[in-house]
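I have placed the structure first, in the form of structure tokens, so that the comments after it can refer back to it.
The values are calculated or read from the model by the stated rules, or taken from the named source; none is laboratory data. Note that this is a predicted model, so its numbers are computed, not measured. No Cβ is skipped: glycine too gets one built from the backbone with ideal geometry, and neighbour counts run over all protein chains shown. For the accessible areas, the whole protein counts, side chains as well, though only heavy atoms, and no ligand, DNA or RNA atoms are used. Shrake-Rupley method; radii C 1.70, N 1.55, O 1.52, S 1.80 Å.
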Amino acid sequence: MTINYGELEERWRKAWNEAKVYEPEPNDNEPVFVTAAFPYVNTPQHIGHLRTYGTADVYARYMRLRGKNVLFPMGFHATGTPILAVAKRVLKGDKDIIDTLMDFDIPIEDIKKMSDPVFCAEYIMHMHQEGFVISGLSIDWRRKFISIEPIFSKMVEWQFGKLNDAGMLKKGLHPVGWCRNENNAVGQHDTKGDAEPEIEALTAVKFKDRDTDAYFVCATYRPETIDGVTNIFVGEHIDYVIAEVGGSKCYLSKHAAEKLSFQKDVMVIGSIDAGELLKRRAINPSNGETVPVLPGYFVEHNIGTGIVMSVPAHAPFDYVALENLKRKGYPVPAMEYRKVVEVHKDGQDADAIPALTQLEMIGKGKEFTDDIVEEATKNLYRLESRWGVISYGKYKGKSEADARELIKTDLVSTGGAFEMYDLANKVPVFCRCGTEVVVKLVDQWFINYGDASWKEKVRTHMANMRFFTQSNANTFSKVVDWIEMRATERAQGLGTRFPLNPEHIIEPLSDSTIYMTMYTYINVLREAKVSADQLKPEFFEYVYLEKGDPDAVSSSTGIDRMAVKKCREMFDYWYKNTSRHSGSDLIYNHLTMYIFNHVLLFDKTRLPNQIVVNGLVNYEGKKMSKSLGNIVPLKKGVAKYGADPLRFIEIVTADLNTDTEFSEKGVASIQAKNEIIVNAVSSLQEMKTQELTHIDYWMYSRLNSKIKAATEHMDSMNFKEAYLEIYYNSINELKRYADHGGSNGIVVREFLEKVTVMLSPVMPHFAEEVWHMLGKTTFVVVEPWPEFDESAINITEETIAEIIDATTQDIKGVIDMRSKSDSNRDKRPIAIEIIVADQWKTTALNGLAKEKSISKVMDLDELSGIERQRLSKFLSQFAKKINALVPVPQIAEDAILNGFRDSIQYIEAKTGVGNITVSLENMSHSNRAERATPQMPAIDIRWE
RNA sequence: GCAGGGAUAGCAAAGCUUGGUCAAAUGCGCUAGGUUCAGGGCCUAGUCCCGUAGGGGUUCGAGAGUUCAAAUCUCUCUCCCUGCACCA
């Protein structure tokens, strides 16, 4: 029977909707509040998005079955620039964005309207909502909102007022990519070719001109090599200027002066010819040495300052440039290529010049072209940064990495250098408008997540949170150590105005750290028709912190008194036992900021309880991405595969924190297995009620140990293991049960019923269908999760089953092996005797597992009746692995004998041998009988 | 560079926290057979090497160590991936 997922899923969604099963109200049960990071609505969803929301849904559904009062709401995020960018691109008729939107089946006339950002956000929001609905998420839609609504802004304004009151908003300088034409910060999506502006800090070292009061400014990544400087390089064709920088006269390229003016006070006084500079001498600020100025062929005006400090021992470019000059007969004064860093590592020649060694290694005798020098530079930098030790001067013996910071700090503090920023990109980065991007230091507001006492509060609280994997807990803890200032205002984008600078908006991650609180009462605000301007701070103070009283709040805001009270009651009831879900990429920002803001603003009972972080989804082995063209829109995916198979594949087939693999084959296999379950339900009609046999007890045992294991796995958020038990193993057990002649309707029915309930969190629609096929009239999605019956877990029966299966395998193996040989090729086995070990062997084996000594077991009283030689022979076969022995269950001879006898038909079918007998070791006449061990009966196969 | 994570059989991926029951789950691929079998699906068996009785041998990035015992613990090395703040 083929399952029509589309039809069945829609039918059950409609039934649940009508019964309002996902619209909880406070009751006596314990509330559980499940939220997932609200989606950003600049593009519609693809099937990968289902991972996070589905994971949250499975948890919500599981909690619901466990009798909790579960609220799972959802909102949408739209602040910031991406939606603005989409609208702008649509307005320009950008083909790329229009194609992308058309891939999601948006009609062209609607796409045209998306040049309005608000329309765009709301349109895509509706698509997301529909996607969530058809995916079967158990969301309470009465509480939906979008982050560009005025009432959302009111909450954010309250939050920032609190942050400011707590002194956590700070003003400071921050380097950003900058377009001087548009006067705007530029991020990756604002540049041509979406190049990420890579901002790097450099040290600008000031070498004084010996004869004037000006300085040569050299930008470097390696200030620690300062004592190895032999000369200064300038470019012969570069335009240089003299400029007043931070109070002192400096030489630098014209281009550099311009760029630097976005970071420091720069006043150009005049220009100076490269030829003039070449006549000067420069003084090393570290050691006072006077060095010459030479022409460097590789120096460029737009990299760094256009002036380079030359360290030929450690910089391949410098070395090569000096050699070139010498070869051309340029008057290069005698100089020492001083080595200031040593690498203590195998294969490093202590006397050689590192730059030359590296060049020769890479150049292999060829001419040193720029590519080779470039690579040598990279290698040497890596080698010395990792292994280098300073071998000269004050910091001799320190690692290069440590010395870099120390020397830089020394230079800066004595006025010998200043810090500057530049783009580290290989090629210049251009704004979409065509202007080259520079680094600007902007004066702006930050949230000070580096505040020591704040961090301490966060750490203290995090010790009480659940993160489910040790690795996630560690990551969070590292992020807390690392997080410092976070810029919190933006020049452009949708969103809430920043209270301390209303020209700007609040940065879109900072505005969504406490929004989940709003789900608890927003439906009350809507019903009471509360407007944004009524949401004054005192409202939030009362609802969130119970400060003030409802009468005062009501009279100052004009909000109905009952509504004010109800908002507080709803927040009070729902906002505890919270479970926060998101993809792992948000650990580094959103999730950490979520903890910080809660800890600062709310009281202890309202703080985050647990965070569940999940991996992503790969498509047929590859990452889903626009460039690979393998993005499957969620709507298409659900229509094609069914929401339930899609949910199963995405949510429970991989460990929580790793990526799942989506494949068509995988979906097909889930669909096929679902059909097996449906067939099992149909087969119930032919089954009768009868007395329980071995196989029935085994089935009960499996069912109950399954429930036990699955419950433990679900509780620790280990969905993969849980559903291995609930789904895959159940199907195998149904098969094994039938193979072994199981046919008891009562047993199978109970098995199927309980499995169906456990299946419902992942495949709610399908489970509901099966549940009703089983004749039920309730909703499976609100049934209680099954309890396990410890007494029904029967280790003996499960062990016997394992022994029977293993023995059957062994028999097959032996037959296969024997029939491969020439002498037996034509012979067929005609009879098999299975010989079950005598009881005393279990005693002896368990004795050995405990005593770890053969002689001690020989002396045991309970084995005194056993013939010495037989006992010794039996024990000695375990001698080699005596330390690895573990006790085995003691099983009565009759039980195992009967188990085999009940399974004779099965073994015959599996092995193709018709004459199978089972006997006890001491009753058998076979000369193989004594080979029997407790876990492994002896087998004697007779051939024709 | 800084921080985090990883390296397991043809591929993908468990297991390693709490060393032994690990030749190592599972899925895919591949091979053979079956199926009124559409070159599909499903079923059965096999898939490191050797083996005429359920056995033996050699494996879990490389090297060293701890141990009666290591895929699992320690150290060193090599290589790979991800994030790094104006970007949601």
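A:Phe468 to A:Ser663: FRET efficiency via 1/(1 + (r/R0)^6), r the Cβ-Cβ distance, R0 35 Å, to the nearest 0.05?
About 0.85, to the nearest 0.05.
In sequence order, what are the phi-derived ³J(HN,Hα) couplings for the stretch A:467-480 according to the Karplus relation 6.51 cos²θ - 1.76 cosθ + 1.60 with θ = phi - 60°, rounded to whole Hz, with x for glycine and proline?
Values, residue by residue: 10, 6, 10, 4, 5, 5, 4, 4, 4, 4, 5, 5, 5, 4 Hz.
Can you compute the equivalent ellipsoid semi-axes for the stretch A:14-117, i.e. the square root of 5 times each eigenvalue of the Cα gyration tensor, sorted largest first and rounded to whole Å?
37, 14, 12
Taking R0 as 25 Å, what FRET efficiency do you get between A:Lys880 and A:Lys720 from their Cβ-Cβ distance, rounded to the nearest 0.05?
The calculated FRET efficiency here is 0.10.
When the helix-only estimate is applied to chain A (DSSP H runs of n ≥ 4, each -39,500 (n - 2.57), divided by the residue count), what is the mean residue ellipticity at 222 nm, nearest 500 deg cm²/dmol?
Only helices count here, giving -13000 deg cm²/dmol.
Project the alpha carbons of the stretch A:607-721 onto their principal axes and report the range along each, largest first, in whole Å.
Computed over the stretch A:607-721, the largest-to-smallest principal extents equal 62, 40, 24 Å.
Given the peptides A:238-245, A:549-556, A:297-304, A:366-373, arrange them by the average over their residues of other C-beta atoms within 10 Å, most packed first.
Sorting A:238-245, A:549-556, A:297-304, A:366-373 by mean packing, highest first, produces A:238-245, A:297-304, A:549-556, A:366-373.
Please tell me the relative contact order of the stretch A:52-158 in percent, rounded to the nearest whole number, where contacts are Cα pairs under 8 Å and at least six residues apart.
Reported as a whole number, the value is 41 percent.
In the neighborhood of A:Ile649, defined by Cβ-to-Cβ distances under 13 Å, what is the net charge if each Lys or Arg adds +1 and each Asp or Glu adds -1?
Residues close to A:Ile649 contribute a combined charge of 0.
Would you kindly calculate the mean projected area, averaged across all directions, of the convex hull enclosing the Cα atoms of the stretch A:484-541, in square nanometres?
Answer in nm², one decimal: 5.2.
About its Cα centre, how strong a charge dipole does chain A have in debye, to the nearest 20, once Lys and Arg get +1 and Asp and Glu get -1 at the Cβ?
Taking the Cα centre of chain A as origin, the dipole is about 700 debye.
Taking all protein chains in place and a 1.4 Å probe, what share, in percent, of the accessible surface of chain A do carbon and sulfur account for?
Carbon plus sulfur share of accessible area: 50 percent.
Amide H of A:Val70: which non-local residues (sequence gap of 5 or more, or other chain) have their own amide H closer than 5 Å, using H built in the peptide plane?
A:Val32
Given C-alpha coordinates of the stretch A:267-376, what is the ratio Rg to Rh with the Kirkwood estimate of Rh?
Checking Rg against Rh, the ratio lands at 0.99.
Separation of the stretch A:773-821 and the stretch A:15-62 by C-alpha centroid, Å?
After rounding, the separation between the Cα centres reads 35 Å.
Just the ratio, please: alpha-carbon radius of gyration of the stretch A:173-318 over 2.2 N^0.38 Å, N its number of residues.
In units of the 2.2 N^0.38 Å rule of thumb, it is 1.09.
Going by amide H atoms built from the backbone, whose H comes under 5 Å of the H on A:Thr660, apart from near neighbours?
Those qualifying (amide H under 5 Å, at least 5 residues apart or on another chain) are A:Leu616, A:Val617, A:Asn618.
Trypsin sites (Lys or Arg not before Pro) within the stretch A:524-614: which are DSSP loop residues with at most 16 other Cβ atoms inside 10 Å?
Passing sites in the stretch A:524-614 are A:Lys529, A:Lys547, A:Lys576.
Hey, how much of the P(r) for chain A falls beyond 58 Å, as a percent of Cα pairs?
In whole percent, the share of Cα-Cα pairs in chain A beyond 58 Å is 34.
Please identify every one of the trypsin sites (Lys or Arg not before Pro) in the stretch A:168-262 that sits in a loop by DSSP and has no more than 12 other beta carbons within 10 Å of its own beta carbon.
Here the sparse-neighbourhood loop sites are A:Arg210.
For the stretch A:288-331, state which trypsin sites (Lys or Arg not before Pro) are in a DSSP loop and have at most 10 other beta carbons lying within 10 Å of their beta carbon.
A:Lys328
Rounded if a/c is under 1.5, else prolate if a/b beats b/c, else oblate: with a ≥ b ≥ c from the C-alpha gyration tensor eigenvalues square-rooted, which is the stretch A:71-194?
Since a/c reaches 1.5 but b/c is at least a/b, the shape of the stretch A:71-194 is classed as oblate.
With the Cα gyration tensor of the stretch A:626-668 in hand, convert its eigenvalues to equivalent ellipsoid semi-axes via √(5λ) and list them largest first in whole Å.
17, 15, 9
Just grab the label-to-label distance for A:Glu851 and A:Asn609, each label 7 Å out from Cα along the Cβ direction, in nm (one decimal).
Rounded to a tenth, the inter-label distance reads 5.4 nm.
With axes computed from alpha carbons, what is the tilt in degrees of helix A:561-574 against the longest principal axis of chain A, rounded to the nearest 10 within 0 to 90?
Result, in degrees: 70.
Starting from the Cα gyration tensor of the stretch A:12-64, take the square roots of the eigenvalues, sort them a ≥ b ≥ c, and report rounded, prolate or oblate (rounded when a/c is under 1.5, otherwise prolate if a/b is larger than b/c, else oblate).
The shape class here is prolate.
Can you tell me what percent of all Cα-Cα pairs in the stretch A:798-901 are more than 23 Å apart?
44 percent
When a/c reaches 1.5 or more, the comparison of a/b and b/c decides; with that in mind, is the stretch A:685-739 rounded, prolate or oblate per its Cα gyration tensor?
Prolate shape, in that a/c is at least 1.5 and a/b is the bigger ratio.
Note down the relative contact order for chain A as a percent, whole number, built from C-alpha pairs under 8 angstrom at least six residues apart.
Dividing the mean separation by the residue count of chain A yields 13 percent.
Check A:Gly583: other-chain or 5+ apart residues with amide H under 5 Å from its amide H, H built from backbone geometry?
A:Asn614
Would you kindly calculate the mean projected area, averaged across all directions, of the convex hull enclosing the Cα atoms of the stretch A:288-347, in square nanometres?
5.8 nm²
I need the phi-derived Karplus couplings for the stretch A:424-438: 6.51 cos²θ - 1.76 cosθ + 1.60, θ = phi - 60°, integer Hz, Gly and Pro marked x.
For the stretch A:424-438, the Karplus curve yields 8, 4, 4, 10, x, 9, 10, 5, 4, 7, x, 7, 5, 7, 10 Hz.
Please calculate how many Å² of accessible area chain A carries per residue, with a 1.4 Å probe and no DNA, RNA or ligand atoms counted.
Ligands and nucleic acids excluded, the figure is 45 Å² per residue.
Send over the per residue convex hull volume for the stretch A:319-457, Cα only, as a whole number of Å³.
Once divided by residue count, the hull of the stretch A:319-457 is 253 Å³.
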